[in-house]
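Scroll down for the structure; my scribbles are underneath it.
Derivation of every value follows stated rules applied to the coordinates shown; laboratory data play no part. Predicted, not measured: the structure shown is a model, and the values here were computed from it. As a convention, Cβ positions derive from the backbone with ideal geometry for all residues, glycine included, and neighbour counts pool all protein chains shown.
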Amino acid sequence: MLHDELAGSGIHVAHTAIAGRIAPGGDHEPEDIAEVLWRHHAQRDGFQTRIGID
């Protein structure tokens, strides 16, 4: 996996799968998704996040 190959190089690879519509009043609020993406950037912990997927 790409995230394993690049882990020691200072490059963080993450995957976010989002099921549903991102829109005000939709399945997911844009601000909520933005927060998840910002966490990927700032904390760099974990590889995969699934939103709206069981």
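Going by what's in this entry, would G20 be described as in contact with a Gly (Cβ under 7 Å, 6 or more places away or on another chain) and not in a helix (DSSP H, G or I)? Yes.
Among the criteria (1) surrounded by 13 or more Cβ atoms within 10 Å (Cβ to Cβ); (2) of a type in the set (D, E, K, R); (3) not in a helix (DSSP H, G or I), the one D45 does not fulfil is (1). If you go through the stretch 1-29 and keep only what is of a type in the set (A, V, I, L, M) and touching a residue at least 12 places away in the same chain (Cβ under 8 Å), you end up with M1, V13, A14, A17, I18, A19. Looking only at the stretch 1-17, which residues are part of a loop (DSSP other than H, G, I, E, B) and either among the acidic types (D, E) or under 13 Å from H41 (Cβ atoms) (or both)? Once the filter is applied, which keeps residues that are part of a loop (DSSP other than H, G, I, E, B) and either among the acidic types (D, E) or under 13 Å from H41 (Cβ atoms) (or both), the stretch 1-17 yields I11, H12, V13, A14. Of the numbered criteria (1) in contact (Cβ under 8 Å) with a residue 40 or more places away in the chain; (2) loosely packed, with under 14 Cβ neighbours inside 10 Å; (3) hydrophobic (A, V, I, L, M, F, W, C), the one W38 fails is (1). Within the stretch 17-31, the set of residues being loosely packed, with under 13 Cβ neighbours inside 10 Å and in contact with a strand residue (DSSP E or B) (Cβ under 8 Å, 6 or more places away or on another chain) comprises A17, A19, G20, R21, P30.
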